[in-house]
1. Considering only segment 1-56, state which residues are of a type in the set (D, E, K, R), closer than 28 Å to His148 by Cα and in a loop (DSSP other than H, G, I, E, B).
2. When you scan segment 129-141, do you find a residue that is farther than 25 Å from Phe67 by Cβ and not assigned by TED's automatic domain parsing to the domain that holds Lys45, even just one?
3. If His55 meets every condition in (1) surrounded by 14 or more Cβ atoms within 10 Å (Cβ to Cβ); (2) at pLDDT below 95 apart from one, which number is that one?
4. For residues that are assigned to a loop (DSSP other than H, G, I, E, B) and either closer than 17 Å to Lys68 by Cβ or under 18 Å from the mean Cα position of the chain (by Cα) (or both), scanning just segment 86-104, find the one that is modelled with the lowest pLDDT.
5. For segment 1-46, which residues satisfy the criterion of being touching a helix residue (DSSP H, G or I) at 6+ places or on another chain (Cβ under 7 Å) and free of Cβ contacts under 8 Å to residues at least 12 places away in the same chain?
6. Among the listed residues Phe62, Phe99, Phe67, which satisfies the condition of being within 23 Å of Gln132 (Cα to Cα) and touching a His at 6+ places or on another chain (Cβ under 8 Å)?
7. Could you list all residues from segment 62-78 that are part of a loop (DSSP other than H, G, I, E, B) and under 17 Å from the mean Cα position of the chain (by Cα)?
8. With closer than 20 Å to Phe116 by Cβ, of a type in the set (A, V, I, L, M, F, W, C) and buried (at least 16 other Cβ atoms within 10 Å of the Cβ) as the only criterion, which of Ile82, Ile102 stands out?
Amino acid sequence: MITRSTPLSKILEIGKPCNRCGHCCRFNSGFMIEEDIDRIAEFLKMDKDLFIKTHLTEHELFHTKVFKPIMIKGDKPYGQCIFFDKVEGCKIHEVKPLFCRITNCFAYSQDLIAWFYLNYLVNPDDPESIRQYASYLESGGKLIPGGHLHELVPDKEKLNKILNYELL
């Protein structure tokens, strides 16, 4: 069972199987944490700022700034990752982002994504992050053990103030 406190080493083991079918790369791109950006820019022998400017787009999820590889969309709302090549697959496979290393097409994919969100994007000390996460859960977002609101913000009074916009 995957929980919020499952160690990264175990998450990497669970998420490791990848048959390199390219399905995820053809229809989306993963999130990048700061360490990914540094590692991939170095792998591509690029200046970090130039890499961000030419290969990534900035997004916000759970009130946290995050980058994603640019998607080549055409006229569709989805598209392939800029690092995907139809012949060779992922051009940065050996240094691919943590999100891409832990998510796959297998049984635990949604749990692994939820683990990533809880450990890298949801900030228990940021009221807006908690409110956005609450909305995610209310709309059917994946919940894993350790990800309940009362586990992230154990002080019931504080949690109520956050959810009622009394704490900004």
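1. Arg4, Lys16
2. Checking segment 129-141: at least one residue is farther than 25 Å from Phe67 by Cβ and not assigned by TED's automatic domain parsing to the domain that holds Lys45.
3. Against the list (1) surrounded by 14 or more Cβ atoms within 10 Å (Cβ to Cβ); (2) at pLDDT below 95, His55 comes up short only on (2).
4. As a first pass, look at segment 86-104 and keep what is assigned to a loop (DSSP other than H, G, I, E, B): 86-88, 91-92, 96-97, 103-104.
Right, trim to either closer than 17 Å to Lys68 by Cβ or under 18 Å from the mean Cα position of the chain (by Cα) (or both) and you get 91-92, 96-97, 103-104.
Details: Lys91: 95, Ile92: 95, Lys96: 94, Pro97: 96, Thr103: 89, Asn104: 79.
Out of the qualifying residues, it is Asn104.
5. Asp38, Ala41
6. It is Phe67.
7. Within segment 62-78, Phe62, His63, Ile70, Tyr78 qualify.
8. Ile102
The values are calculated or read from the model by the stated rules, or taken from the named source; none is laboratory data. Owing to the predicted nature of the structure, the values given are computational and were not obtained by experimental measurement. Note that we place each Cβ from the backbone using ideal geometry, even for glycine, and neighbour counts take in every protein chain shown.
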